[in-house]
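The values are calculated or read from the model by the stated rules, or taken from the named source; none is laboratory data. None of these values were measured; they are calculated from a predicted model. Methodologically, a virtual Cβ is constructed for each residue, glycine included, from the backbone with ideal geometry; neighbour enumeration extends over all protein chains shown. Protein only, heavy atoms only, side chains kept; ligands, DNA and RNA dropped before computing areas. Shrake-Rupley method; radii C 1.70, N 1.55, O 1.52, S 1.80 Å.
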Amino acid sequence: MAGAAPTTAFGQAVIGPPGSGKTTYCLGMSEFLRALGRRVAVVNLDPANEGLPYECAVDVGELVGLGDVMDALRLGPNGGLLYCMEYLEANLDWLRAKLDPLRGHYFLFDCPGQVELCTHHGALRSIFSQMAQWDLRLTAVHLVDSHYCTDPAKFISVLCTSLATMLHVELPHVNLLSKMDLIEHYGKLAFNLDYYTEVLDLSYLLDHLASDPFFRHYRQLNEKLVQLIEDYSLVSFIPLNIQDKESIQRVLQAVDKANGYCFGVQEQQSLEAMMSAAVGADFHFSSTLGIQEKYLAPSDQSVEQEAMQL
């Protein structure tokens, strides 16, 4: 029927550890989507979020407040947040009543930052699963700080967390290295940026860690972790600077391909564009090289000199 609201809705579930830039991402992405002509509804699912910088269509704080839960049940911040998510899971009729009038909008869900919610706790996964039954097609957008790339041990931890999140959340998944403009504020990268975004041969990271007396004792553990990551071969990253429109556009293309929005009727696509999305005809190496030249300081040393230092 002409003029009827579409039954299928699309959106992003923005997840990641605390401080990774989820709320800032929702603000920047919502502004970018509105500039493209999409109607956007930002949904705050984090009861600890205060002073939201974006226009919030639905706020879980109207249902349950973290401060009230902590005071009433004498829980800490983590326990209180887990309780809030379990309370939301038990009251999904409230969430559906809030979302139904927004059919036809593109949703951005600003999720809590507690890592356990995305790695082993079942409440958030159950909420996403129920949304899928409401014909809401989501892509999980997982943000991690890009400066973790400067520390091999932290980068391996990020890979393990990202892999666990991908397996647990059970949604189409896009991993982002956020705050690319700050990537070298905590040190220089040991390898080119594409080594980290494409998660290339991780044995080089093991050799890098072996130079540290502390990590030398845990080489076998690190080898097993790296082997696990490489056996699944699922994790890769897209660099993101939320203030760079080209960077946001690359992320949006990956997200639209993951949740199927690019094949929908909301935006008429040519056959060539649809086929390009289907086969993934993007040259990631050239785009990553451009990002490296933009945000990483060029090295004055030769490759041989850097290899000797490693």
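Considering only protein heavy atoms, what per residue accessible area in square angstrom results for the range 1-110 with a 1.4 angstrom probe?
Computed with neighbouring chains in place, this is 47 Å² per residue.
With r as the distance between the Cβ atoms of ALA90 and LEU52 and R0 = 35 Å, compute the FRET efficiency 1/(1 + (r/R0)^6) and round to 0.05.
0.90
Within the range 80-133, report the trypsin sites (Lys or Arg not before Pro) that DSSP leaves as loop and that have at most 15 other Cβ atoms within 10 Å.
Listed in order of number, the matching sites amount to none.
Quick check: net charge around LEU124, other residues with Cβ under 14 Å of its Cβ, Lys/Arg +1 and Asp/Glu -1?
Net of charged neighbours comes to -4.
Using a simple spin-label model with points 7 Å from Cα along the Cα→Cβ vector, what separation in nm is obtained for GLN249 and ASP135?
Taking the two extended label points, one gets 3.3 nm.
List the residues, sorted by chain then number, that are 5 or more residues from LEU108 or on another chain and whose placed amide H is less than 5 Å from its amide H.
Placed amide hydrogens put GLN12, ALA41, VAL42, VAL43 under 5 Å from LEU108.
Cross-link list LYS98/LYS179; LYS98/LYS154; LYS188/LYS245; LYS22/LYS98: which exceed 29 angstrom alpha carbon to alpha carbon?
LYS98/LYS179; LYS98/LYS154, as the Cα separations exceed 29 Å there.
Work from the charge dipole of the range 81-230 (Cβ charges, +1 for Lys and Arg, -1 for Asp and Glu, about the Cα centre) and give the residue of ALA153, VAL115, TRP94 farthest towards its positive end.
Selected residue: TRP94.
Taking H as built 1.01 Å from N, whose amide H comes closer than 5 Å to the amide H of ILE242, not counting residues under 5 places away?
It is LYS179, MET180, by chain and number.
Evaluate E = 1/(1 + (r/R0)^6) for GLU198 and GLU116, where r is the Cβ-Cβ distance and R0 equals 22 Å; express this FRET efficiency to the nearest 0.05.
0.20
Calculate, in nm to one decimal, what ARG216 and ASP181 gain on full extension: separation in residues at 0.36 nm each, minus their alpha carbon distance.
My answer for the length gained is 9.4 nm.
Could you order peptides 250-263, 24-37 by the average number of other Cβ atoms within 10 Å of their residues, highest first?
With the highest mean Cβ count within 10 Å placed first, the list reads 250-263, 24-37.
Can you tell me how much longer the chain between ASN78 and SER233 gets when fully stretched, taken as 0.36 nm per residue apart minus their C-alpha distance, in nm with one decimal?
52.7 nm
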